[in-house]
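J.: I have a structure here, written as structure tokens, and I will follow up with some questions on it.
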């Protein structure tokens, strides 16, 4: 039979001689191998203290984006919910009142916006569907929880921190995935 | 008066006993930590590093966990023996420390205090007797468990001890022929004056080392608790601190056999290239103890290093090695030593 690789090794079936039957030489060889591993670099990352950087295409938890003045982008058009293959997104629209211009960017907004993280498959289609730049998949992993209902993320959990009141947290939540920058607001 | 009670003597010995028992427990505790850490390092892992800095509180956490676990005594077991098993394993493991010379005499409160609990003149025989009693703990425990796997583990432990104790004893006879004494303290004194026994008995040491691995039930001879064949071997049915006692006694045994090997072959508390008599007695006792512990730690490292290198022997390989290789080698070693001693006595004349 033709060998697939050139690493073929015949099995040595000779009877062991006395020295080999003592096993000492082979044991010593083996011990040298394990000893050499003391000086090897360990590939482990000390997880909670250090985290591995995510790849640029990583899709994690969703964030609902705000504009530079801190107004919510979402207009509750429902395109994300339509695009969602797992049907994880539900929302309820409401009309903006006269004194709410500083809260919502357009006349219509999402009064209720929920994503079921147990259904979500983190495909990122909602992000692609959104015409208003309102939903993004951030670079965080959904945390574990004890109850199913805790996995239905409400608007409070999804909304990004206010960019003026809490800029650091805003920038951190935004991550690197939000590419679009407006003229008067550089990230 | 023969029966006059020397109170200071009793107090001194009691303190020494408490210290030795405590020290061997603490060392066994930290041997578990060392085991895990060394295993990790040899396998390119980190090992325990969560509890305390570098994970040094890990053995405390492990001990606490064992205490809080549910104590299960199987319905079909014989309960008295079931409890006796781990107790005996622990007892015999701790008892061996009694004859080991931990250092030379120290001078405190106008008294010369010997750092040895009992300088028995048959010290090494005492160690042997107690160590071979240790297997009773395993046998009784495994029998009392009323479990096939436990029983098999116990049988293996017993036959292993029998096979390896022979070679160990014979290798030791060669050493005793050279030293001419059974007292451990005397042996150390001889090695302090002359050379370490390892130079006279390299083959004897090797045989002794291999047998010590077998006596301690350490890999590659841990057939008694072969996880992948016998579930847990003799401690399959044990839980909570009874299991802890078994595991602990293994580590204490390892510590004690390291001390014995250091004492018999590596000069015990002797500091190489240094004449202890020239310096202050108390300081020398301290440094001697440190020297002994350094040797012991090296041996414990060797135990662990071997464990994480070599896979377990098959049962027939174990028996082959014991009966057909080690015992003939030990006999050969004994004969050669005897012949050389005879030659030396007749001033190298044939």
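J.: Ratio to report: Rg/Rh of chain B, with Cα atoms as the point set and Rh obtained by the Kirkwood method; give two decimals.
T.: 0.99
J.: At what distance in nm do the modelled label points of residue B:275 and residue A:83 sit from each other, each positioned 7 Å from its Cα along Cα→Cβ?
T.: 9.0 nm
J.: How many nm separate the modelled label positions at residue B:148 and residue B:347, each set 7 Å beyond the Cα in the direction of the Cβ?
T.: Label-label distance for residue B:148 and residue B:347, simple model: 7.0 nm.
J.: Sticking with this one: Taking a ≥ b ≥ c as the square roots of the Cα gyration tensor eigenvalues, with a/c under 1.5 meaning rounded and otherwise prolate when a/b beats b/c, else oblate, which class fits region B:278-350?
T.: oblate
J.: Let me ask something else. Between residue A:151 and residue A:93, how high is the FRET efficiency from 1/(1 + (r/R0)^6) when r is the Cβ-Cβ distance and R₀ = 22 Å? Nearest 0.05.
T.: 0.40
J.: Give the calculated FRET efficiency between residue B:65 and residue A:47 to the nearest 0.05, with a Förster radius of 25 Å applied to their Cβ-Cβ distance.
T.: 0.65
J.: Regarding the protein assembly as shown, what is the average projected area of its C-alpha convex hull, in nm²?
T.: Here the figure is 44.1 nm², rounded to one decimal.
J.: Follow-up. If packing is taken as the mean number of other Cβ atoms within 10 Å per residue, what is the order of B:232-239, B:310-317, B:118-125, highest first?
T.: Result, highest mean first: B:232-239, B:118-125, B:310-317.
J.: Let me ask something else about it. What does a probe at residue A:164 reach in region A:49-71, counting residues whose amide N is under 16 Å from the point 7 Å along Cα→Cβ?
T.: A:66-71
J.: Going by C-beta contacts inside 10 Å, put B:10, B:178 in order with the fewest on the left.
T.: Ranked by crowding around the Cβ, least crowded first: B:10, B:178.
J.: Could I ask something else about it? How big is the equivalent ellipsoid of region A:1-136 along its three axes, where each semi-axis is √(5λ) from the Cα gyration tensor, reported in whole Å from largest to smallest?
T.: Sorted largest first and rounded, they come to 65, 20, 12 Å.
J.: Here's another thing I want to ask about it. Quick one: compute the contact order of region B:205-257, relative version, from alpha carbon pairs under 8 angstrom and 6+ residues apart, as a percent.
T.: Relative contact order of region B:205-257: 27 percent.
J.: Please report, largest first and rounded to whole Å, the three semi-axes of the ellipsoid equivalent to region A:62-174, where each semi-axis is the square root of five times an eigenvalue of the C-alpha gyration tensor.
T.: Calculated on Cα positions only, the semi-axes equal 22, 17, 13 Å.
J.: Related question: What percent does the relative contact order of chain B come to when contacts are Cα pairs within less than 8 Å and at least six residues apart?
T.: Across chain B, relative contact order equals 23 percent.
J.: Follow-up question, since we're still on this one. Out of all DSSP beta bridges in region A:54-179, what portion is antiparallel? Express it as a percent rounded to 5.
T.: 85 percent
J.: Same structure again: For region A:50-187, what does the relative contact order come out to in percent, with C-alpha contacts under 8 Å and a separation of six or more?
T.: Relative contact order of region A:50-187: 31 percent.
J.: Evaluate the distance, in nm, between pseudo-label points positioned 7 Å from the Cα of residue B:39 and of residue B:241 along their respective Cα→Cβ axes.
T.: Calculated label separation equals 2.4 nm.
J.: Average partner chain C-beta neighbours within 10 Å, per residue of A:21-31?
T.: For peptide A:21-31, the averaged partner shielding equals 4.
J.: Enter the angle in degrees (range 0 to 90, nearest 10) between the Cα long axis of helix B:79-95 and the first principal axis of the Cα atoms of chain B, meaning the one along which they spread out most.
T.: In chain B, helix B:79-95 runs at an angle near 30 degrees to the longest axis.
J.: What's the FRET efficiency of residue A:6 with residue B:129 using the Cβ-Cβ distance as r and R₀ = 60 Å, to the nearest 0.05?
T.: So the FRET efficiency works out to roughly 0.50.
A short reminder: the numbers here are calculations on the coordinates, not readings from a lab. Computed from a prediction, not measured in an experiment: that's the story for all the values here. Using ideal geometry, Cβ is built from the backbone for each residue, glycine included, and neighbour counts are taken over all protein chains shown.
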